[in-house]
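So the structure is just underneath, and the comments pick up after that.
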Amino acid sequence: MTYHPHSLDQRLYLDVNHFARSTAWLHSVAAPFALWIGVTILGVILIIGCWISRKAQDPVLAVSKALWVGVACFISLGANQIVAHLVKRVRPYYTMPHVEVLVAKAHDYTFPSDHAVVAGTVIAGMWLVSKRLAWIATVVGLVLGFARVYVGAHYPSDVVAGLLLGAAICLVLAKPMTRLIKFFVSAIVKTPLRPLVIAKRD
């Protein structure tokens, strides 16, 4: 049975899906990366960002920015659920028959991608924290986005929308939220937990 795609998004999805069919050797890496390895690496990058921020010239501000990125991930995911339930776009494997699917089929909506939203948030946030970590997060995030299409779970536009939504929320709310978080971080400095915010100077 031949399926004729009706949009550029579907055509791109099928192109990537065809590539997935012809690269079976990559499946054992792509599937876990798309499910949990990618977001785990991004989480580790975020933790490292918080830790190295303690050594900044203004550690209270730097740590506050890094903590905001973590908070932004949860806010972005919440916003994403609202958008997803408004758009109500079903997963591509439910509308296009005979596609290669490398992960368990989910029944939630596909637009935007939750994984991509987290990636977009961390990528944008790391540019506020550390350029070196930002470049690493960018590479990991983009590979994660591609992997979500590669395993058959998302259309390309799901990933693009997720990346943009996460980045937008992180950057637009960065100043006011960092200010708010800085208030609590400043309070921590006056407690025995101070080493979590300010590293000891040599």
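Under the simplified labelling scheme, the K175-V103 pair shows an inter-label distance of 3.6 nm, with each label point 7 Å from Cα along Cα→Cβ.
Using C-alpha pairs below 8 Å separated by at least 6 residues, the relative contact order for the chain is 31 percent. Counting only lysines at least 8 places from K182 when in the same chain, those with an alpha carbon closer than 22 Å to its own are K55, K65, K131, K190, K200. A simple count of charges around M126, restricted to other residues whose Cβ falls under 15 Å of its Cβ and scoring Lys, Arg +1 and Asp, Glu -1, yields +3.
Considered as an equivalent ellipsoid built on the Cα gyration tensor, the stretch 76-202 has semi-axes of 36, 16, 12 Å, the largest given first. Over all other residues within a Cβ to Cβ distance under 15 Å of A187, the charged ones net out to +4, with Lys and Arg as +1 and Asp and Glu as -1.
Helix screen, the chain: DSSP H segments with Cα axial length of 30 Å or more and mean Kyte-Doolittle hydropathy at least -0.5 are 59-87.
Throughout, read-outs are computed from the coordinates displayed, never taken from laboratory work. Since we're looking at a predicted model, the values are computed, not measured. With ideal geometry, Cβ positions are generated from the backbone for all residues, glycine too; neighbour counts draw on all protein chains shown.
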